[in-house]
1. Any lysines with Cα under 18 Å of the B:K42 Cα? List them, leaving off those in the same chain fewer than 8 positions away.
2. Ballpark to the nearest 100 Å², how much total accessible area do B and A bury together, probe 1.4 Å?
3. Largest first and in whole Å, give the semi-axes of the protein assembly as shown's equivalent ellipsoid, each being the square root of 5 times a Cα gyration tensor eigenvalue.
4. Would you mind calculating the relative contact order of the range A:17-81 from Cα pairs under 8 angstrom and at least 6 residues apart, reporting the percent as a whole number?
5. Which ³J(HN,Hα) values, rounded to whole Hz and listed in residue order, are derived for the range B:85-90 from phi using the Karplus coefficients 6.51, -1.76 and 1.60 in 6.51 cos²θ - 1.76 cosθ + 1.60 with θ = phi - 60°, glycine and proline given as x?
6. Find which of A:P54, A:F106, A:Q17 sits farthest along the positive direction of the dipole of chain A, computed with +1 on the beta-carbon of Lys and Arg, -1 on that of Asp and Glu, about the Cα centre.
7. What residue among B:S40, B:S28, B:S52 has the largest mean-square fluctuation in a Gaussian network model of chain B, using Cα springs under 10 Å?
8. Give me, ordered by chain and number, the residues 5 or more places off B:T80 or on other chains with an amide H under 5 Å from its own placed amide H.
Amino acid sequence: DAGVIQSPRHEVTEMGQEVTLRCKPISGHDYLFWYRQTMMRGLELLIYFNNNVPIDDSGMPEDRFSAKMPNASFSTLKIQPSEPRDSAVYFCASSPLRGQGNEKLFFGSGTQLSVL
Amino acid sequence: GESVGLHLPTLSVQEGDNSIINCAYSNSASDYFIWYKQESGKGPQFIIDIRSNMDKRQGQRVTVLLNKTVKHLSLQIAATQPGDSAVYFCAENPADKLIFGTGTRLQVFP
C-alpha cells in the first residue's frame, strides 16, 4: 500500500496566482481530511469528506479556499488568489469507516506551499 | 512586525531513559484520543490510541494514560532512543474529526 499520496511536494508561487494541491487517499478509505500546519497555529483542520461528500468545511479560512473530491481516489484543495499568509504545509489524510475503532488518520507527506 | 510562532514545549531526555509527554484536552465529549509522532519534513504518524472507557493502554515501548477527571493524557516512552526524536501531538475526537494539540518536541541526547 503506497499510503496517502500528495502532490506537489513543494510549491512556490507568487501572490495572486492560483494554487492547486492534490491528494490520493488510501484505497478503501471513506474519509478524507485536509489539514494546514503553520508555526503560528499548529495543525488546523480545514475540511473533511465522507464518501466524496464535504461534511464539515468550517475550518476553511475564507472563500479563496475551495476543496473538491470528484471521486473516491482523488481530492484537490485550491487557493485562488493565493496570498503570502497562505504559506504553510498542507496535509491530506484518509481514514476508513469511523466509529469502529478505525478513527486514526493516515497522513500524506504534505505539500510545502510558499507564496511570495 | 515580528512574527510570533507557537512555543513548542521541549522535553530533553538521555538515551535509554523513559520519557513522559503530557497533554491537556479540552472537550469533555471526546471519547477517543490518539498520539501522533511527526519527524522533520514528514506527516504525522500514528503511535497509539485509547478510548474513553479505558485509562491505560500499552503498545511496544509506549503507554498512553488517560485521566478523564482532569482531561489529561500522557504518553510514556520506555528506553528512549535517538529515533524517538520528533514532535509529538495528542489529538481528541469530539465528533468525527480529530483536533490536534500544539505538540511537544522530544530531544534525545546520547
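1. List returned: A:K24, A:K104.
2. About 1800 Å² of accessible surface is lost on pairing.
3. The answer is 30, 21, 16 Å, longest axis first.
4. 38
5. Along the range B:85-90, the couplings run 4, 4, 9, 10, 10, 9 Hz.
6. Ranked along the dipole, the leading option is A:F106.
7. In the Gaussian network model the winner is B:S40.
8. Those lying under 5 Å, H to H, from B:T80 are B:G16, B:D17, B:N18, B:S19.
The values are calculated or read from the model by the stated rules, or taken from the named source; none is laboratory data. Since the structure is predicted, the reported quantities are computational estimates derived from the model, not experimental observations. Counting neighbours? That spans all protein chains shown, and the Cβs are built from the backbone with ideal geometry, glycine included. Heads up: the accessible areas ignore ligands, DNA and RNA and are worked out on the full protein's heavy atoms, side chains in. Shrake-Rupley method; radii C 1.70, N 1.55, O 1.52, S 1.80 Å.
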